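No value in this document is a laboratory result; all are computed from the given coordinates. Treat the numbers as computed from the prediction; the structure is a model and nothing was measured. With ideal geometry, Cβ positions are generated from the backbone for all residues, glycine too; neighbour counts draw on all protein chains shown.
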Amino acid sequence: GERRTTIEVTVPPSLSATALLRLHSEPDELARELARPMPRPPSRAARFGTLFHAWVEARFGQQPLLDPDDLPGRYDTGIDDDAEFDTVVEAFEKGPFADRVPLAVEASFAVVLGGQVVRGRIDAVYEEPGGAFLVVDWKTSRSPTADPLQLAIYRLAWAELHALPPARVRAAFY
């Protein structure tokens, strides 16, 4: 008999912002994963990013989502040595956000965009002059992983959740 080569996959009623980005950039790969979900261990880059996010939260006295004692050690995250993490911290401390206290860190959201529920977390939000806001997504990877669509989602989410015109919300990768 003939084998069917096309399988229709229903998009879940709620997608993470990351999954929405993948729906846009890698629809076939996302469809395969939705059809046959398989657990994936977190990547080294994801673990490194988690450690950096916890460091930012601790730096500004925000309540971290994770207790720092529960975070895996640098050895467990696959970070080769302290110098690699210290390089990222040093870059942050020399940058424009070193002394700016964020209004929010790891701000969670759920919004409807184009009829699709999209949920996620914004790494940091800063108040700007004139009642404007800046949403920031930290990038700790050496590879170019920044997708402008991600910032667009975050801008719209912050604007919608706070009843702001999107023009009052800027966004940046750092």
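What residues qualify as long-range amide H neighbours of Glu128, i.e. H under 5 Å apart, gap of 5 or more or another chain, H built at 1.01 Å from N?
Long-range HN contacts for Glu128: Phe133, Leu134.
Quick one: net charge of Ile153's neighbours, Cβ under 15 Å, K/R +1, D/E -1?
Overall, the nearby charge balance is +1.
Amide H to amide H, which residues 5 or more places from Ala171 or on other chains are under 5 Å from it, using H placed in the peptide plane?
Counting only residues 5 or more places away or on other chains, the set is Val135.
From the P(r) of the stretch 83-174, can you give the percent of Cα pairs sitting at distances over 23 Å?
27
Sum up the charges of everything whose Cβ sits under 13 Å from the Cβ of Pro129, counting Lys and Arg as +1 and Asp and Glu as -1, but leave Pro129 out.
Neighbour charge sum, excluding Pro129 itself: +1.
Highest first, please rank the peptides 128-135, 157-164 by the mean number of other Cβ atoms sitting within 10 Å of their residues.
Ranked from most to least packed, the peptides come out as 157-164, 128-135.
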